[in-house]
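Engineer: Please see the structure below; I have some questions.
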């Protein structure tokens with residue numbers, strides 16, 4: 001690893017900042033590049049960037065410490081991030097991580113003695129259909145098993161650079177099992193843009209409204225209404241932002257769309273730009289999808305060559321629009337639109353107080369349309385084919401189709417595009433998961449249902465979802481599922497508001513006590529009350545939905561809790577006898593007098 005003194009670090013970060021035009025709004029991108037160059041962001045880098053960009057040092061440090069992909073301590077030349085999503089755990093990821101640690105003589109989370117290797121956990125890598133999965137130096141590792149881990153360990157021991165590893169280690173399958181409107185017949189590049197130029201901006205907006213398109217991120221806000229609000233906002237400049245920060249555990253359909261149909265996504269963004277009068281487009285690509293950036297940049301370059309981006313698109317004077325890709329740096333909260341905008345501006349990803357909404361004051365205070373990848377893909381197709389074509393599919397309130405990321409205990413995990421209104425049972429039959437005990441629709445923040453509800457439908461009027469559809473088989477322990485998801489929320493809370501910052505941690509601790517058999521039935525009531533406070537008082541959707549795993553599994557799978565609850569008494573939160581375990585081990589005593597009886601009541 002190259003060793004630089006403080007002066008050398010400052011010179012290096014200056015070179016990085018210069019490539020970004022010394023723009024403080026690109027601070028997250030600059031810090032990512034510093035991390036890549038130096039394998040960490042040292043104190044001297046923070047000092048140098050603060051001076052170079054004209055920012056307070058504490059502001060630069062605040063951003064650098066917010067994102068999990070940035071580190072103040074050096075990470076190895078081989079930096080492994082193993083997905084700790086629940087589907088990865090279901091497939092045995094723990095044993096594989098331990099295998100690699102043992103083979104390389106590395107402790108998890110601690111750089112090797114020579115500084116060459118770091119092995120860490122991360123929440124989710126968006127490869128849930130082909131886990132256990134992970135990343136090495138930002139490149140994807142899917143379908144991991146003992147043989148692959150052995151191969152990887154051998155390559156590291158030999159010092160083979162990651163760029164020279166066999167390509168099959170990095171292959172990522174699309175696993176598309178069912179196609180419909182968006183996936184069956186993609187439009188030709190430019191069809192949507194030509195259509196909007198022929199039809200006109202106002203008429204195109206009317207087509208989007210006729211289509212009944214609603215945001216595919218899960219909230220379902222009418223797309224035409226959002227675009228209309230932005231179009232009406234008084235401003236000289238407007239912005240189109242694509243939210244590709246697909247961080248909800250169990251969701252990966254945006255990854256597949258960006259790999260198989262990026263033109264359709266960019267088409268939708270360009271159509272939106274014409275409708276609202278935007279000149280600037282931004283794609284916020286989650287950090288775990290950095291491997292998609294190069295092919296996406298190639299598609300953008302080709303669209304510029306074809307006259308579909310840039311000045312006077314397709315010869316239309318004044319139709320100037322281009323798209324830039326920004327990479328996230330590991331923060332689930334940035335999937336919330338205002339937190340994403342904060343990150344795009346170079347800040348910590350803390351959700352904003354609303355109103356004003358982004359359509360009035362978004363990126364750099366400009367009116368901004370924020371839609372997700374699937375929404376823009378649908379908009380591009382609607383521009384080409386018309387609203388009637390789209391709304392002929394689905395239900396009256398949920399028109400069109402929905403891409404589902406199916407993973408977990410099923411024979412055929414992958415992407416399924418169904419018309420809205422499909423039942424959970426029909427999806428389970430298609431993916432080979434008919435014996436499921438439970439299904440998590442919409443990820444940890446969504447809805448967990450049991451067998452008696454499998455007749456429910458995927459639709460905004462019933463089970464709304466951003467796309468995650470996780471199957472849990474007959475032997476799955478739903479308390480463990482809830483605990484895992486609660487730990488995820490506690491880790492990913494941005495810390496802005498007390499109900500979320502404190503509530504998620506207390507809830508996770510309560511579930512840990514239940515899981516180990518250290519709680520009584522009376523302990524449930526305080527957790528229920530806490531859940532109510534979190535739902536009603538949290539600043540953003542993360543805190544509002546963080547109690548869903550606990551409340552929904554308690555309601556639908558009470559037997560899993562009953563097996564662990566000790567009785568009607570309130571159990572002590574602190575286990576005094578367990579706290580003495582280390583002292584007993586050191587003293588070599590394990591007699592009755594070395595133990596404490598803990599009373600409760």
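A short reminder: the numbers here are calculations on the coordinates, not readings from a lab. The structure presented is a predicted model; accordingly, all values stated were derived computationally and were not measured. Cβ atoms come from the backbone with ideal geometry, glycine included; neighbour counts cover every protein chain shown.
Engineer: Could you compute the FRET efficiency for residue 585 and residue 22, with r as their C-beta to C-beta distance and R0 at 60 Å, rounded to 0.05?
Structural biologist: 0.60
Engineer: Once each part is reduced to its C-alpha centroid, what is the distance from region 159-185 to region 74-133 in angstrom?
Structural biologist: When both Cα centres are located, 20 Å separates them.
Engineer: Points 7 angstrom from Cα along the Cβ direction at residue 392 and residue 562: gap in nanometres?
Structural biologist: So the label points at residue 392 and residue 562 sit 5.2 nm apart.
Engineer: With only alpha-carbon atoms in the gyration tensor, what are the semi-axes of the equivalent ellipsoid for region 402-472, in Å, largest first?
Structural biologist: Taking √(5λ) for each eigenvalue gives 15, 13, 12 Å, largest first.
Engineer: Here is a further query. Based on the Cβ-Cβ distance from residue 498 to residue 536, what FRET efficiency comes out when R0 is 22 Å, to the nearest 0.05?
Structural biologist: Efficiency computed from Cβ-Cβ geometry: 0.95.
Engineer: Binning at 10 angstrom from zero up to the longest distance, how are the C-alpha pair distances of region 6-64 distributed in percent?
Structural biologist: P(r) over region 6-64, rounded to whole percents: 28, 66, 7.
Engineer: Where does region 480-562 land on Rg/Rh, using Cα atoms and the Kirkwood Rh?
Structural biologist: Dividing the radius of gyration by the Kirkwood radius yields 0.94.
Engineer: Ranked by Cβ crowding within 10 angstrom, fewest neighbours first, how are 226, 253, 402 ordered?
Structural biologist: Least crowded to most crowded, the residues run 226, 402, 253.
Engineer: Moving on. Å³ per residue of the Cα convex hull, for the chain?
Structural biologist: Spread over its residues, the Cα hull of the chain gives 168 Å³ apiece.
Engineer: Rg over Rh of region 365-417, using C-alpha atoms and the Kirkwood radius, what does it come to?
Structural biologist: Taking Rh as the inverse mean 1/r over Cα pairs, Rg/Rh reads 1.10.
Engineer: Neighbouring Cβ atoms within 10 Å as the yardstick, rank 447, 399 fewest first.
Structural biologist: So the residues, fewest neighbours to most, are 447, 399.
Engineer: Another question about this same structure. Stretched out fully, how many nm does the piece from residue 345 to residue 6 gain, at 0.36 nm a residue minus the Cα gap?
Structural biologist: 119.3 nm
Engineer: Taking the beta-carbon count within 10 Å as an exposure proxy, list 360, 9 from fewest neighbours to most.
Structural biologist: 360, 9
Engineer: Here is a follow-up. Suppose only helical runs count, i.e. DSSP H with n ≥ 4. What mean residue ellipticity at 222 nm does that imply for the chain under -39500 (n - 2.57) per run, divided by all residues and rounded to the nearest 500 deg cm²/dmol?
Structural biologist: Taken over the chain, the calculation gives -12500 deg cm²/dmol.
Engineer: Please give the FRET efficiency for residue 304 paired with residue 113, using the beta carbon to beta carbon distance and R0 = 35 Å, rounded to the nearest 0.05.
Structural biologist: Plugging the Cβ-Cβ distance into 1/(1 + (r/R0)^6) gives 0.15.
Engineer: Using only the alpha-carbon atoms, how far is helix 43-53 inclined from the longest principal axis of the chain? Give it as 0 to 90 degrees, nearest 10.
Structural biologist: Here the helix axis deviates by roughly 20 degrees.
Engineer: Once label points are set 7 Å from the Cα along Cα→Cβ at both residue 95 and residue 51, what is their separation, rounded to one decimal in nm?
Structural biologist: Going from the residue 95 label point to the residue 51 one covers 5.4 nm.
Engineer: Separate question: Of the DSSP beta bridges with both residues in the chain, give the percent that are antiparallel, rounding to the nearest 5.
Structural biologist: Around 45 percent of the beta bridges assigned by DSSP in the chain are antiparallel ones.
Engineer: Here's something else I'd like to know. Using the Cα gyration tensor of region 177-391, with a ≥ b ≥ c the square roots of its eigenvalues, what is the shape: rounded (a/c below 1.5), prolate (a/b larger than b/c) or oblate (neither)?
Structural biologist: Verdict is rounded for region 177-391.
Engineer: In addition: Rounded to whole Å and sorted largest first, what semi-axes of the equivalent ellipsoid does the C-alpha gyration tensor of region 257-320 yield via the square root of 5 times each eigenvalue?
Structural biologist: 22, 13, 10
Engineer: I'm checking a number: the convex hull volume of the Cα atoms of region 393-543, normalised per residue, in Å³. What is it?
Structural biologist: Looking at region 393-543, the number lands at 124 Å³ per residue.
Engineer: So, one more: Can you compute the label reach from residue 236? Point 7 Å from Cα along the Cβ direction, backbone N cut-off under 12 Å, restricted to region 313-340.
Structural biologist: Residues passing the 12 Å test: none.
Engineer: I'd like the distance separating the alpha-carbon centroids of region 422-480 and region 3-71, in whole Å.
Structural biologist: Centre-to-centre (Cα) distance: 44 Å.
Engineer: Fully extended, how many nm does the chain gain between residue 15 and residue 320 (0.36 nm per residue separation, minus their Cα-Cα distance)?
Structural biologist: 106.7 nm
Engineer: In addition: By how many degrees, between 0 and 90 and to the nearest 10, does the Cα long axis of helix 293-305 differ from the longest principal axis of the chain?
Structural biologist: 0
Engineer: Relative to the longest principal Cα axis of the chain, at what angle does helix 146-157 sit, 0 to 90 degrees, rounded to 10?
Structural biologist: 80
Engineer: Calculate how large, on average over all directions, the projected area of the Cα convex hull of region 201-283 is; give the answer in nm² to one decimal.
Structural biologist: Projected over every direction and averaged, the Cα hull of region 201-283 covers 5.8 nm².
Engineer: Please give the contour-minus-distance gain from residue 529 to residue 595: 0.36 nm per residue of separation, less the Cα-Cα distance, rounded to one decimal in nm.
Structural biologist: Here the segment from residue 529 to residue 595 would lengthen by 20.4 nm.
Engineer: Work out how far the C-alpha atoms of region 78-173 reach from end to end along every principal axis, then list the three figures in whole Å, largest first.
Structural biologist: Each principal axis gives a Cα extent; for region 78-173 these are 34, 26, 21 Å.
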